[in-house]
Structures are given as structure tokens and as C-alpha cells.
Amino acid sequence: MDLSKFAGGAAYVGGRFAPIAEATIPVTDWGFTRSDAVYDVVHVFRNGFFRLDDHLDRFQHSMARRRLNPGEDRATIEAILHRCVALSGLADAYVAMVALRGRPRIAGSRRPEDCANHLVAYAISWIDVIPKDVQDRGAHLWIGSTPRVPDASVDPVVKNYQWSDLTTGLFEAHDHGFDTVVLCDAEGFVTEGPGFNLFVVKDGKLITSDRGSLHGITRRSVLELCAELGLDASIGPIPRALLEEADEAFAATTAGGVMPFARVGRTILGNDRPGPISSRLKAAYWQKHDEGWHRTEVRPLEPEFSSAG
Ligand code: PLP
């Protein structure tokens with residue numbers, strides 16, 4: 001098999017594998033016209049998936065909550081992800097699975113029930129939501145003025161493409177010369193940022209938001225690491241003032257791991273560099289990767305795709 005065409009990444013769409021540049025969806029797909037889709041992203045680090053089962057669990061939960069059923073069962077989705085990575089030849093990868101509403105089977109129908117749901121998956125090169133050089137100096141976090149969409153309107157636990165508020169926040173952050181943004185809800189409690197959960201460190205204790213936020217898998221990893229390291233960490237309400245008075249803060253996401261902030265708004269944290277607890281957790285997170293924590297080896301490429309995995 002000529003794998004060179006998959007070098008930029010490999011995708012699964014319309015029931016077939018294709019080079020990433022050739023992977024397309026119809027412009028009338030509701031996944032596109034209405035952001036009517038759920039997704040998940042798992043990373044591959046040195047040829048091993050990290051917490052693959054947890055990502056598949058969350059993806060299945062998201063699909064069920066949005067009544068999406070593309071037809072492929074869990075074992076098949078898992079096999080598709082393995083094959084996308086193997087085709088791409090990438091040792092470190094960003095691997096996405098997306099369930100889209102699709103197009104109505106009955107022309108002109110406006111009923112979501114009539115749509116043919118379908119699965120898209122792809123593996124592309126590793127992505128850090130905050131570039132590595134910015135991570136090293138400590139990212140600068142802007143607190144956005146746009147409130148996060150209410151949980152009652154868009155459930156943040158269902159991983160989705162409703163990013164209008166987050167994108168508005170990103171523009172605002174960049175306009176002010178900051179690297180990224182976190183949004184508060186309408187009541188003034190901190191929620192999350194574009195692609196990450198936020199942790200605040202105050203007086204040696206860690207807290208991450210209990211609202212307006214995805215139940216991040218990296219957040220779970222950080223909480224597990226805190227338990228191992230004997231650090232006091234919890235999920236709870238974070239008033240904006242607590243973030244502004246934080247000793248340290250960091251982002252947690254699949255796309256980059258633990259990423260410390262050096263500034264929050266006009267406040268400089270510590271010595272304007274990643275703080276000691278954030279740095280310790282970042283180091284522990286990657287060391288555990290080296291040790292094979294929650295690792296699933298990427299399966300070698302089979303000549304033919306078998307949905308039995
Ligand atoms: N919050 C949002 C809005 C996200 O998109 C993501 C990840 O992409 C996260 C939080 C972090 O979740 P995870 O650690 O599972 O990647």
C-alpha cells in the first residue's frame with residue numbers, strides 16, 4: 001500500500017479511509033450548517049493512545065445525549081481510530097472522532113430524526129492549544145467579557161462545536177495582546193477556555209470549575225496526579241476574584257497537557273513564570289506518559305480494514 005498520500009494525516013469519512021486533504025463532507029450536512037455534531041479528541045504520544053477508553057466513553061455519552069447514532073459500534077470506532085493513526089504513520093498525533101447529524105433522507109425534511117447520521121474520524125499531527133514556546137514562558141490569560149453560554153442551553157459536558165462565545169473571547173484576548181482566554185458565566189463564575197479546563201492554585205490548594213465546563217479527561221488526570229502527590233484538589237465554584245488573586249493557574253487539555261499561566265489579566269502570577277505546583281504537575285503528567293500510564297499501543301496497520309478490529 002502506498003502510504004505517502006497519508007503523510008499529512010489520515011481520515012475516515014463516508015465509510016472509507018482517505019488522505020486528510022481529500023476528506024470532505026457535503027455543504028448541506030447539518031453537522032456543518034447547524035454545528036449539529038458531537039466530537040472527541042484523544043492524543044497519541046510515542047505510538048500509544050492516552051486514555052482511549054475514557055475518550056470513547058465520553059464520545060458515546062455525547063452521542064447518546066444528542067441522539068446521534070452513526071451506526072459504527074464502539075469496537076469499530078476504536079478500530080477506525082487505530083487505522084487512521086497507523087495510516088498516517090504519526091508517532092504523536094491529534095486524533096478526532098466526530099458524529100454528525102448528516103442530511104435528511106427525505107428531501108426538504110426539517111426533522112433531525114430524518115437525518116442520516118455519520119461518523120468522521122481523523123489523525124493529524126500533534127496540536128498544542130498553546131504553542132510550546134508560550135507554555136515555557138507561561139501563557140498570558142485574558143478573562144473574557146462575553147459570558148459562557150448557559151449550561152441549560154448548551155450542555156458543556158457534551159463535547160460540541162458551539163464555540164461562538166469562546167471564539168469571541170479569543171478575539172478579545174488577542175486584541176489585548178494576550179495568548180488565550182477564559183470565560184465566566186453570567187453570574188461571574190469562571191468556566192473554561194477555548195479547548196481547555198482551568199485550574200487555579202491558591203494557598204497550596206487546587207480548584208477547577210464545577211460549571212460551564214467539559215468534564216475534561218486531562219482534568220481527571222490532573223486530579224488523579226494530585227491525589228498521588230498529596231495535593232489538595234477539588235471541583236467547585238471559582239468566583240472571578242479567586243482567579244484574579246490566584247497564586248498560580250494552568251490549563252488542562254488533551255491538546256497540550258498541563259499548560260501554566262504566568263499572567264491573568266493585568267495580574268502577574270508569582271515571578272511571571274510558570275508556578276512551582278503547575279510545573280510539578282506538568283512534569284508528572286509527562287513522566288507518567290513515559291511510564292505507560294493509561295496507554296494503549298497503536299495497532300499495526302492491517303492490509304485490509306476489518307470492523308472486528
Ligand atoms: N473544554 C473544552 C471546551 C474543550 O474543547 C476541551 C478539549 O478539547 C477541554 C475543555 C479539555 O478536555 P480534555 O482534557 O478531555 O481534552
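The values are calculated or read from the model by the stated rules, or taken from the named source; none is laboratory data. Every value quoted in this text rests on a predicted model; they were computed, and no experiment measured them. Every residue, glycine as well, gets a Cβ built from its backbone with ideal geometry; the counts of neighbours run over all protein chains shown. Heads up: the accessible areas ignore ligands, DNA and RNA and are worked out on the full protein's heavy atoms, side chains in. Shrake-Rupley method; radii C 1.70, N 1.55, O 1.52, S 1.80 Å.
Among the residues of the range 94-126, just one is among the hydroxyl-bearing types (Ser, Thr, Tyr) and closer than 16 Å to Asp29 by Cα, namely Ser109. Scanning the range 183-192 turns up no residue that is open to solvent by less than 10 Å² (accessible area, probe 1.4 Å) and touching a Phe, Trp or Tyr at 6+ places or on another chain (Cβ under 8 Å). Scanning the range 64-92 for residues that are within 16 Å of the ligand (Cβ to nearest atom) and free of Cβ contacts under 8 Å to residues at least 60 places away in the same chain yields Leu81, Asp92.
Phe261 passes every criterion in (1) surrounded by 17 or more Cβ atoms within 10 Å (Cβ to Cβ); (2) in contact with a Leu (Cβ under 8 Å, 6 or more places away or on another chain); (3) not in a strand (DSSP E or B) apart from (3).
Each row is one residue, and each column tells you yes or no for (1) part of a strand (DSSP E or B); (2) among the basic types (Lys, Arg); (3) within 12 Å of the ligand (Cβ to nearest atom).
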residue: Asp136; (1), (2), (3): no, no, no
residue: Gly169; (1), (2), (3): no, no, yes
residue: Phe178; (1), (2), (3): no, no, no
residue: Glu187; (1), (2), (3): no, no, no
residue: Asn197; (1), (2), (3): yes, no, yes
residue: Leu206; (1), (2), (3): yes, no, no
residue: Arg220; (1), (2), (3): no, yes, yes
residue: Ala233; (1), (2), (3): yes, no, no
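Go through the residues of the range 138-159 one by one and say whether even a single one is among the acidic types (Asp, Glu), buried (at least 19 other Cβ atoms within 10 Å of the Cβ) and part of a loop (DSSP other than H, G, I, E, B). No - not one qualifying residue is present in the range 138-159. In the set (1) within 25 Å of Thr180 (Cα to Cα); (2) touching a residue at least 60 places away in the same chain (Cβ under 8 Å); (3) among the small types (Gly, Ala, Ser), Ser145 fails one condition alone, (2). Across the range 107-130, which residue is surrounded by the fewest Cβ atoms within 10 Å (Cβ to Cβ) among those that are in a strand (DSSP E or B) and among the β-branched types (Val, Ile, Thr)? If we take residues in the range 107-130 being in a strand (DSSP E or B) and among the β-branched types (Val, Ile, Thr), then Ile124 is surrounded by the fewest Cβ atoms within 10 Å (Cβ to Cβ).
For Glu224, state whether it is surrounded by fewer than 17 Cβ atoms within 10 Å (Cβ to Cβ), of a type outside the set (A, V, I, L, M, F, W, C) and either part of a loop (DSSP other than H, G, I, E, B) or within 13 Å of the ligand (Cβ to nearest atom) (or both). Judged against the criteria, Glu224 is a match. The residues in the range 198-214 that are open to solvent by less than 10 Å² (accessible area, probe 1.4 Å) and either more than 17 Å from the chain's Cα centre (by Cα) or closer than 20 Å to Gln135 by Cα (or both) can be counted, and the count is 6. Scanning the range 26-65 for residues that are assigned to a strand (DSSP E or B) and either out of contact with any strand residue (DSSP E or B) (no Cβ under 6 Å at 6 or more places or on another chain) or among the hydroxyl-bearing types (Ser, Thr, Tyr) (or both) turns up Tyr39, Phe45.
Flag: Arg103 matches the condition of being open to solvent by 40 Å² or more (accessible area, probe 1.4 Å), touching a residue at least 24 places away in the same chain (Cβ under 8 Å), more than 16 Å from the ligand (Cβ to nearest atom) and over 29 Å from His289 (Cβ atoms). If you go through the range 67-123 and keep only what is under 26 Å from Gln162 (Cα atoms) and of a type in the set (Ser, Thr, Tyr), you end up with Tyr94, Ser109, Tyr122. Each residue in the range 66-93 was checked for being open to solvent by 30 Å² or more (accessible area, probe 1.4 Å), assigned to a helix (DSSP H, G or I) and among the hydrophobic types (A, V, I, L, M, F, W, C), and 1 of them qualify.
State yes or no: is Asp133 without any contact (Cβ under 8 Å) to a residue 40 or more places away in the chain and open to solvent by less than 30 Å² (accessible area, probe 1.4 Å)?
Details: without any contact (Cβ under 8 Å) to a residue 40 or more places away in the chain: yes; open to solvent by less than 30 Å² (accessible area, probe 1.4 Å): no.
Spelling it out, it is not the case that Asp133 is without any contact (Cβ under 8 Å) to a residue 40 or more places away in the chain and open to solvent by less than 30 Å² (accessible area, probe 1.4 Å).
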